[in-house]
Each structure stands twice: as C-alpha cells, then as structure tokens.
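Undergrad: Input: one structure, supplied below.
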Amino acid sequence: MASLFLLLIPLAFVIYTVYKGLNPTISMLIGALLVCIVEGLDPMKDIIGSQMEPSTYVTGLQSACSMFFFVFIMANLFGQVYMWTGGAKSIANALTDLVVRNSTGFSAKMKAIYAFMGVAIIFGFGGLDAFVCVFTLLPIGLMMFEKYDIPRKLLPATLFAGVTTAVCCPGTPLTSGNILASMFLGTKTTAAFVPGIVGVIVIFAFDVWYLYRAVKKAEKNGEHFERGGANMPPERDDEKLPHPFLALLPLLTVAVLNLGFGINVSVSLLCGVLVACVAMANSIVTPESKVKPYLELGNKGIAAGAMTFVPMAVQMALATLIQATNGYGFLTEIFTNMANKTNAIVAWATSASLSGFLAGNAIAGLQLSAGIFAPIADQIGLSLPAAHRIGCFAISILDTIPINAAVISGLMTCGLTHKEGYMPIFRTTVLYIFFGMIAVIAMCLLFPGLAVS
C-alpha cells in the first residue's frame with residue numbers, strides 16, 4: 001500500500017510543475033527520477049540503461065517511436081500545409097459562412113464555436129484520433145476563433161469536447177475507444193448502444209452549456225482573440241485563398257484511405273499532403289520560385305512534428321516506467337479484489353479510470369482492466385457489453401490530465417500555457433465525461449437488458 005501512495009508523489013510533482021509552466025519534457029524527466037527514488041529503483045539501470053540492455057524508460061521511448069513517430073511527423077506536415085497554403089482559412093471561411101451567415105456579435109461567436117465542435121465530432125466519427133485532430137483541425141479552429149474574436153484559451157477545450165464525445169459514442173472506429181475495447185473484451189463496437197447514446201447526450205449537453213457560459217463570461221470581461229504564441233501563418237488576402245472544395249480534397253483523401261480502405265494513417269496523411277500540394281499548388285508556389293516553398297513547408301512540418309513528438313515520447317516512457325513498479329503491481333491486486341468483492345460495474349469503472357491515470361495513458365488502463373475482469377466476468381456477473389461502453393467513458397476521464405500528450409500538443413499548437421488553457425479542457429473532458437459515465441452506469445444498473453449486446 002505504501003508503494004502505491006509513494007507513486008503518487010512523482011505524478012503530483014509532474015502535474016503541478018507542468019501546470020505552473022515548467023517545460024513538460026523537463027518535468028517528466030524529473031518525474032522519472034522521482035519514481036526511481038520512491039520505488040527504490042536504480043536510475044542507471046531503469047532510466048539510463050546501457051548499449052547491451054536498454055532501460056525500462058528507454059524501452060518506453062522506443063515504443064513511442066515505433067507507434068507514433070511517423071504519425072506525428074505526417075500529421076504536423078499535413079497541418080502545416082493547411083496553414084501556409086491558406087487551406088485552413090478557406091475551410092474556416094466556408095464553414096462559418098454556411099453556419100454563421102448573417103449572424104453578428106455573441107450569436108455569431110456561439111454558432112462558430114459549436115460549428116467547430118461539430119467538425120471535431122465528425123472527424124472523430126471518421127476515425128481520426130486526438131493527435132491527428134490536434135494538428136489537422138486546430139489550424140482551422142485558430143482561423144475561425146480569430147475571425148469571430150473568440151478567446152484562444154477555449155479552442156483546445158472545444159476540440160477535445162468534440163473528439164472525446166466521439167470516443168465515447170457507440171460505433172465510432174476510434175482505436176482509443178471502441179476498437180481496443182472490442183479487441184480486449186470480444187464485444188461489438190456498438191456494445192450497450194442505448195446507454196452509450198444517453199451518456200453521450202449528457203456530455204454534449206454539458207459541453208454546449210459550458211461553452212455558452214464561457215464565451216458569455218469572456219465577452220463580459222472584455223476578452224478577445226490574441227495571436228500570442230499560437231502557431232499561425234501570416235495574414236493572407238482572401239481573394240488568393242484556394243477554393244474550399246480544393247482545400248477539402250486532402251481531408252477527404254485521408255478519410256477515404258484510412259477508413260474506406262484501411263490504409264495506415266501515416267501513409268494516408270502522406271497521401272493527403274501530396275494531394276494538398278497538387279490541389280493547392282497555386283497557393284504554395286510563387287512566380288519567383290517553384291520549389292523553395294515546398295522545401296520550406298517540409299522543413300516547418302518536420303520541425304513542428306519533432307517538437308511535439310518529444311514530450312509525448314517522454315510521457316510514454318514515464319508511463320512504461322510506472323507500469324514496472326511495485327506500486328502499480330499492488331494496484332493490479334487491488335482491482336482484482338474489487339472485482340470479486342464489490343459491484344462489478346463500479347469496480348470495472350474505477351479500475352479503468354485509475355489504472356489509466358497511473359499508467360499515464362488510456363490504452364494501458366483498458367488493457368490492464370480487461371486482463372483482470374474479462375476472465376472472471378461470468379463469475380462476478382459483469383456484462384461485457386456494459387463493460388465495453390463504460391470503459392470507453394472511464395478511460396477518457398483521467399486520460400486528459402495535464403501530462404497527456406495530446407493535451408500538451410494542443411496547448412503548444414495554440415501557444416497556451418497549462419495555466420491559460422487547461423481548466424477549460426478539464427471541464428469539457430474530465431468533469432463532463434465523468435457525468436456521462438455516471439449516466440451510463442445508471443442505465444446499465446437500472447436497465448440491464450439494454451447492455452447485453
């Protein structure tokens with residue numbers, strides 16, 4: 001038990017220092033050292049390692065590279081093409097013209113922010129995860145928020161409100177939710193459909209209500225959109241923007257290749273980049289130079305990808321180190337006992353939430369909990385479809401803590417510190433997803449017949 005409580009010290013340190021403004025990479029490196037200190041591990045062996053035997057920490061870095069390196073590079077390159085060709089602004093203009101039309105003032109702001117959240121939900125339903133959405137949609141969101149003078153601090157929260165709603169919804173092809181739950185539990189992606197829809201409605205209602213109040217409060221306080229350190233391109237003449245249909249072609253290419261044909265997301269994004277370079281060529285090249293602008297785009301995309309990949313890789317390395325500790329092993333035993341001695345559904349929800357928090361990522365939380373609960377589901381009376389749907393909500397609750405890689409990437413892209421932009425994210429993800437999960441649990445307990453398939 002003591003080892004489990006000691007393990008909270010480095011996690012608390014990392015969350016606190018990142019929120020206060022310390023560079024996330026530095027904070028998590030110190031956090032890894034603290035894990036070794038409180039758990040009695042050898043930093044030279046478990047962090048540094050050797051050429052002959054990589055450390056546990058380095059193994060986590062290697063896993064991050066093998067799983068996410070190309071996704072980050074391609075997604076950032078994709079986003080940079082949209083920013084610097086004017087494609088993001090073209091789509092933002094078309095979307096707001098369609099949704100906002102003749103509205104002005106506060107009404108225009110709300111229609112714009114809800115439209116952007118809707119796009120994020122659609123992309124989530126399309127199977128694009130949080131990382132891809134961060135680099136693909138935030139450039140569009142920055143343009144929309146600037147046009148309607150919505151404070152930049154609300155943009156990441158609006159994006160994650162849409163993406164996490166899609167993660168929780170039955171049937172979505174997102175790996176971090178339905179797909180992994182199906183793999184680990186042997187259930188359908190539409191498992192516990194009705195309880196899931198009820199939970200999603202709860203999340204959506206709270207998100208809409210909060211964003212309304214947040215924009216209203218910002219307007220009352222005289223807050224405006226300020227570019228600050230946001231990753232935004234210079235102003236462009238609207239007359240020289242690519243046509244919205246041409247700007248949409250690369251996005252459609254990625255969606256069709258990834259979802260329709262099952263092509264790897266990194267390859268799909270690369271194809272999207274190539275389509276963008278052809279479709280929006282007139283917005284890239286200049287009369288003086290035909291090649292250099294493409295080289296500059298490549299440099300910017302790869303540099304941005306590397307900058308955002310490093311803190312994500314360090315976070316995954318820290319999670320790998322934590323999973324190898326005695327405290328985490330003790331947590332596994334606690335959840336095993338809970339599965340046999342308490343309400344199965346409540347025990348499952350607690351396990352999926354907390355283990356993902358301590359492990360540092362949602363996948364680990366779902367994998368650990370499924371390994372404990374799935375073999376004894378019949379014995380403890382746990383409906384696997386109910387576990388599937390509740391799990392999608394549970395792993396999303398504490399996954400978006402301040403050290404989450406997608407959160408860090410989103411804040412960095414928008415030029416926000418954790419102090420400036422995290423609390424809105426907390427509201428639209430952690431808090432409101434928790435309310436949604438409670439609604440799903442209540443539905444599964446009160447109407448168990450709705451969670452049998």
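The values are calculated or read from the model by the stated rules, or taken from the named source; none is laboratory data. Bear in mind the structure is a predicted one, so any value in this text is a computation, not a measurement. With ideal geometry, Cβ positions are generated from the backbone for all residues, glycine too; neighbour counts draw on all protein chains shown. Accessible surface areas use protein heavy atoms only, side chains included; no ligands, DNA or RNA. Shrake-Rupley method; radii C 1.70, N 1.55, O 1.52, S 1.80 Å.
Undergrad: Go through segment 256-303 and report how many residues are within 19 Å of F70 (Cα to Cα), among the small types (G, A, S) and modelled with pLDDT under 75.
TA: Number satisfying all stated conditions: 2.
Undergrad: While we're on this one: Pick from A439, A394, A406: which is closer than 21 Å to C169 by Cα, in contact (Cβ under 8 Å) with a residue 40 or more places away in the chain and within 14 Å of the chain's Cα centre (by Cα)? Give the derivation first.
TA: Values: A439 fails: within 14 Å of the chain's Cα centre (by Cα); A394 fails: within 14 Å of the chain's Cα centre (by Cα).
Just one listed residue meets the conditions, A406.
Undergrad: Okay, next question. Since L446 meets every condition but one in (1) open to solvent by 10 Å² or more (accessible area, probe 1.4 Å); (2) in contact (Cβ under 8 Å) with a residue 24 or more places away in the chain, which condition does it not meet?
TA: Tallying (1) open to solvent by 10 Å² or more (accessible area, probe 1.4 Å); (2) in contact (Cβ under 8 Å) with a residue 24 or more places away in the chain, L446 fails exactly one: (2).
Undergrad: Right, here's the next one. Please give the number of the condition G141 fails out of (1) more than 22 Å from G305 (Cα to Cα); (2) free of Cβ contacts under 8 Å to residues at least 60 places away in the same chain.
TA: Answer for G141: the failing condition is (1).
Undergrad: For segment 263-280, give me each residue that is exposed (fewer than 14 other Cβ atoms within 10 Å of the Cβ) and over 21 Å from the mean Cα position of the chain (by Cα). Let's see the steps before the verdict.
TA: Initially, segment 263-280 is screened for residues exposed (fewer than 14 other Cβ atoms within 10 Å of the Cβ), giving 264, 274, 278.
Of everything in segment 263-280, those that are exposed (fewer than 14 other Cβ atoms within 10 Å of the Cβ) and over 21 Å from the mean Cα position of the chain (by Cα) turn out to be L274, V278.
Undergrad: Enumerate the pairs (first residue in segment 260-276 and within 12 Å of I73 (Cα to Cα); second residue anywhere and β-branched (V, I, T) and part of a helix (DSSP H, G or I)) with beta-carbon separation below 7 Å, excluding pairs fewer than 6 apart on the same chain, so at least 6 apart or on different chains.
TA: V265/V71; V265/V132; S266/V71; L269/V254; V273/V81
Undergrad: Can you tell me which residue among M28, M74, M44 is open to solvent by less than 10 Å² (accessible area, probe 1.4 Å), at pLDDT 80 or above and hydrophobic (A, V, I, L, M, F, W, C)? Talk me through it step by step, then tell me what you get.
TA: Values: M74 fails: open to solvent by less than 10 Å² (accessible area, probe 1.4 Å); M44 fails: open to solvent by less than 10 Å² (accessible area, probe 1.4 Å).
Just a single option satisfies the conditions, and that option is M28.
Undergrad: Condition test on A406, is it more than 16 Å from P195 (Cβ to Cβ), out of contact with any strand residue (DSSP E or B) (no Cβ under 7 Å at 6 or more places or on another chain) and outside any loop (DSSP other than H, G, I, E, B)? I'd like the intermediate steps shown before the answer.
TA: Working: more than 16 Å from P195 (Cβ to Cβ): yes; out of contact with any strand residue (DSSP E or B) (no Cβ under 7 Å at 6 or more places or on another chain): yes; outside any loop (DSSP other than H, G, I, E, B): yes.
Spelling it out, A406 is indeed more than 16 Å from P195 (Cβ to Cβ), out of contact with any strand residue (DSSP E or B) (no Cβ under 7 Å at 6 or more places or on another chain) and outside any loop (DSSP other than H, G, I, E, B).
Undergrad: Hey, another quick one. For F426, only one of the following conditions fails: (1) touching a Gly at 6+ places or on another chain (Cβ under 9 Å); (2) within 24 Å of I26 (Cβ to Cβ); (3) open to solvent by 20 Å² or more (accessible area, probe 1.4 Å). What is its number?
TA: Answer for F426: the failing condition is (1).
Undergrad: Turning to a different aspect of this structure: Assess whether L416 counts as being assigned to a helix (DSSP H, G or I), of a type in the set (A, V, I, L, M, F, W, C) and in contact (Cβ under 8 Å) with a residue 60 or more places away in the chain. Break it down into steps so the answer makes sense when it comes.
TA: Values: assigned to a helix (DSSP H, G or I): no; of a type in the set (A, V, I, L, M, F, W, C): yes; in contact (Cβ under 8 Å) with a residue 60 or more places away in the chain: yes.
For L416, the condition - assigned to a helix (DSSP H, G or I), of a type in the set (A, V, I, L, M, F, W, C) and in contact (Cβ under 8 Å) with a residue 60 or more places away in the chain - is not met.
Undergrad: Which of the following residues is over 26 Å from the mean Cα position of the chain (by Cα), modelled with pLDDT of 85 or more, over 19 Å from A120 (Cα atoms) and part of a loop (DSSP other than H, G, I, E, B): E223, E219? Outline the logic, then answer.
TA: On the way: E219 fails: part of a loop (DSSP other than H, G, I, E, B).
E223 is the lone residue from the list that is over 26 Å from the mean Cα position of the chain (by Cα), modelled with pLDDT of 85 or more, over 19 Å from A120 (Cα atoms) and part of a loop (DSSP other than H, G, I, E, B).
Undergrad: On to the next question. How many residues are of a type outside the set (S, T, Y), in a helix (DSSP H, G or I) and within 13 Å of A317 (Cα to Cα) when one looks only at segment 37-67? Working first, answer last.
TA: From segment 37-67, those of a type outside the set (S, T, Y) are 37-49, 51-54, 58, 60-62, 64-65, 67; that's our starting set.
Imposing the further condition that a residue be in a helix (DSSP H, G or I) reduces the set to 37-39, 43-48, 58, 60-62, 64-65, 67.
Remaining after also requiring within 13 Å of A317 (Cα to Cα): 46-48, 58, 60-62, 64-65, 67.
Count: 10.
Undergrad: Do we find that A349 is part of a helix (DSSP H, G or I), out of contact with any strand residue (DSSP E or B) (no Cβ under 9 Å at 6 or more places or on another chain) and surrounded by 15 or more Cβ atoms within 10 Å (Cβ to Cβ) in this structure?
TA: On the way: part of a helix (DSSP H, G or I): yes; out of contact with any strand residue (DSSP E or B) (no Cβ under 9 Å at 6 or more places or on another chain): yes; surrounded by 15 or more Cβ atoms within 10 Å (Cβ to Cβ): yes.
Yes.
Undergrad: Look through segment 59-90, keep the residues that are over 24 Å from N299 (Cβ atoms) and hydrophobic (A, V, I, L, M, F, W, C), and return whichever of them is farthest from the chain's Cα centre (by Cα). It would help to see each step written out before you state the result.
TA: Of segment 59-90, the ones over 24 Å from N299 (Cβ atoms) are 59-63, 66-67.
Pick out the ones that are also hydrophobic (A, V, I, L, M, F, W, C) and you get 61, 67.
On the way: L61: 19, M67: 15 Å.
Residue satisfying both the conditions and the ranking: L61.
This table checks each residue for (1) assigned to a helix (DSSP H, G or I); (2) open to solvent by 90 Å² or more (accessible area, probe 1.4 Å); (3) free of Cβ contacts under 8 Å to residues at least 60 places away in the same chain.
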site	(1), (2), (3)
V194	yes, no, no
I197	yes, no, yes
Y210	yes, no, no
R213	yes, yes, yes
